[in-house]
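Worksheet: one structure, shown below.
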Amino acid sequence: MSNLNLQHWRLDVDAEGITWATLDKAGESANSLSRLVMDELGRVLDELDRQPPKALIFRSGKSAGFIAGADIQEFTQLDSAEKGRELVERGWNLFNRLAAVRYPTLALVRGHCLGGGLELALACRYLLAVDEPGTKMGLPEVMLGIFPGWGGMLRLPERVGPAAALDMMLTGKTIDAKRARRMGLADDAVPPRVMERAAQMMVLSNAPRHQLPAMQKLLNGPLKSVVANGARKQVARRARPQHYPAPYAIIDIWARYNGNALAAPELVDGIVRSPTARNLVRVFFLQERLKSFGKDSPFKAKRVHVVGAGVMGGDIAAWCALRGMTVTLQDQNLERIAPALKRARENFARRIRDKLQLRVIMDRLIPDPDGAGAAHADVVIEAIFENVEAKHALLGKLDAVMRPDAVLATNTSSLKLEDLRTVLQRPERLVGIHFFNPVAMMPLVEVVAAADADPAMVQAACAFVRQIDKLPLPVRSEPGFLVNAVLAPYMLEAMRAVDEGISPETVDEAMLAFGMPMGPVELADTVGLDIAVAAGKQLAGGAEAPRCLLARVDKGQLGKKTGQGFYSWIAGKAQKGAAGTPPAQLAARLVKPLIDRVEHLVATGVVADADLADAGVIFGTGFAPFTGGPLNYRQADGRQSAA
């Protein structure tokens, strides 16, 4: 085996006679299945055909996890149908070969095991999961606009049943070690201290694999059409086939071709090289770029102090506690803080079943009406109402007690940092850390730098945002920053269409058909119509507000928060009538002011470049990801028009 001259794999034989195949991809912090890695695995299997081992265990040589999936860079090089089919064929044939070997095989999964990594693990006889927080398994290819073509569509339904398998494949969701064991995906879940011995015992046990119940076997066989029809209906409620063809292809390849994409070459060609796949791969790399901000900063927060226990402040505090930090939450008295704590407990309880773990998290969220936590915090976030004088008074008090190395941040959504920092001893220390509502759902956080801001503080703010698993977007201090600045003209144009006699439902339907997650009128109702008026005055360049907006605000109909706006709201849901057929070009008209504003903000340097602007608008507003972002969409639309 020593003559294989492997660059990425290492083979060792232990005292039990078991061969351990360790993947440690050269020059990378995480393992991925590139062409070279797969070619080397083929050579490993060739060698093991010549000298069959007693058993074979796959493990990772990386602390980052097992295998992150295929090498995404290689997807950008699929410029022909032949290359797309060759990519699918490479993994399909190799993992089928692994699944057919006569000696027992096991995947020891610790950390992330995604996409092609899980498909490799599924091709093994046994899967042993390491029970620790970082262990996550999933087939998220649909998030890139593609499908799991290396055996996942065949083997995952055989392991966990078709309904659970399709749910994972069609949503891209990941599961932890305990859930994997309960579902039958993992044969067991063990703590790290015993993982290697447990792997040895399992791979030599000759134990039969978990078998699906009889009904699940029927649903994975003769009754496939029943499951497939139900899955298509569920997908249709979330994604239109012209925007996101991949989930429909996954259902068809499983139901009609037993998970073998090579049996449907037209689907492979149509998906792998589709504009949607190309744009979603682009979005993946945009997300990776956002994740890179702050990585060079040594800053690491343990204590956070939040002032303002309203919806935003309370939810920011709760999110930081959930992510492992000790958080003090300040407001005028305990009565003002109590609703935030109650809301946090209710939200945590929906995520966390373990009552002891829930208690530990709640213990980290500490009411602090006197503000004592500010002196000890690594990050202090001001999240009170939008009033310059009130913020001046608060920031002055915080500045006097905070450590000089701590980050002082404001969550303002509309005020310039230059106007807020005048009361500080070191004005350059103030940064904006602007969250979006709902905090737990929105991945983007704008990190705002005023003129002459301290670069170390901006870097520390970005590092903090990454630490709490959000995506930092550096922006310059201007009214509305990026996200709110582009939403205001978009929502106002939608309401002008309502002034012209187009129903709110029809306006919203035009943008839902375009690919937005929510229509602009419903969005305005959700944000609050009073806020839409204020934003319009500030961000619409002096243009007159739509009549339909002013009329509702005059009546106190402010949207979701009052139960009535453009729509009636019951139990948090808009009560909509039937939408009419949107007029031709309505979507193009509504999206134009949004894209125009994005271009302006790039040109004036509020955001550094077009790629970051696209990333910010996608992750901050939900702008149709399959387009690759507003500026990418305009560029592609221009190319199509020219053609």
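The values are calculated or read from the model by the stated rules, or taken from the named source; none is laboratory data. All figures in this text were calculated on a predicted structure; none of them were measured in a lab. Note that we place each Cβ from the backbone using ideal geometry, even for glycine, and neighbour counts take in every protein chain shown.
Summary of values
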| item | result |
| --- | --- |
| Qualifying residue in segment 363-383 (condition: over 18 Å from residue 406 (Cβ atoms), of a type in the set (Val, Ile, Thr) and either part of a loop (DSSP other than H, G, I, E, B) or touching a Phe, Trp or Tyr at 6+ places or on another chain (Cβ under 6 Å) (or both)) | no |
| Qualifying residue in segment 368-383 (condition: touching a residue at least 24 places away in the same chain (Cβ under 8 Å), surrounded by fewer than 19 Cβ atoms within 10 Å (Cβ to Cβ) and touching a Leu at 6+ places or on another chain (Cβ under 7 Å)) | yes |
| The one condition in (1) without any contact (Cβ under 8 Å) to a residue 40 or more places away in the chain; (2) of a type in the set (A, V, I, L, M, F, W, C); (3) touching a strand residue (DSSP E or B) at 6+ places or on another chain (Cβ under 6 Å) that residue 550 fails to fulfil | (3) |
| Meets criteria (more than 24 Å from residue 70 (Cα to Cα), surrounded by fewer than 19 Cβ atoms within 10 Å (Cβ to Cβ) and not assigned by TED's automatic domain parsing to the domain that holds residue 360) for residue 291 | no |
| Residue in segment 130-149 that is small (Gly, Ala, Ser) and under 16 Å from residue 254 (Cα atoms) present | yes |
| Subset of segment 293-335 (residues that are within 24 Å of the chain's Cα centre (by Cα), in a strand (DSSP E or B) and farther than 17 Å from residue 464 by Cβ) | none |
| Listing of helices (runs of 4 or more DSSP H) fully contained in segment 504-559 that carry 1 or more residues being hydroxyl-bearing (Ser, Thr, Tyr) and modelled with pLDDT of 90 or more | 504-514, 520-527 |
| Only one of 329, 365, 322, 358 that is surrounded by fewer than 16 Cβ atoms within 10 Å (Cβ to Cβ) and in the same structural domain as residue 439 (by TED's automatic domain parsing) | 358 |
| Residue among 262, 290, 218 that alone is on the phi < 0 side of the Ramachandran plot, touching a strand residue (DSSP E or B) at 6+ places or on another chain (Cβ under 6 Å) and in a helix (DSSP H, G or I) | 290 |
| Flag for residue 472 being crowded, with 20+ Cβ neighbours inside 10 Å, within 30 Å of the chain's Cα centre (by Cα) and assigned by TED's automatic domain parsing to the domain that holds residue 420 | yes |
| Condition met for residue 400 (exposed (fewer than 15 other Cβ atoms within 10 Å of the Cβ) and over 30 Å from the mean Cα position of the chain (by Cα)) | yes |
| Any pair with Cβ under 9 angstrom, 6 or more apart, that starts in segment 171-198 at a residue that is assigned by TED's automatic domain parsing to the domain that holds residue 20 and ends at one that is polar (S, T, N, Q) and in a loop (DSSP other than H, G, I, E, B) | 176/135; 177/135; 180/135; 184/211; 189/135 |
| Any chance residue 94 is under 27 Å from the mean Cα position of the chain (by Cα), among the aliphatic types (A, V, I, L, M) and not in a loop (DSSP other than H, G, I, E, B) | no |
| Single condition residue 606 does not satisfy, out of (1) in a loop (DSSP other than H, G, I, E, B); (2) without any contact (Cβ under 8 Å) to a residue 40 or more places away in the chain; (3) over 17 Å from residue 495 (Cα atoms) | (2) |
| Verdict on residue 456 being small (Gly, Ala, Ser), more than 27 Å from residue 593 (Cβ to Cβ) and surrounded by fewer than 21 Cβ atoms within 10 Å (Cβ to Cβ) | yes |
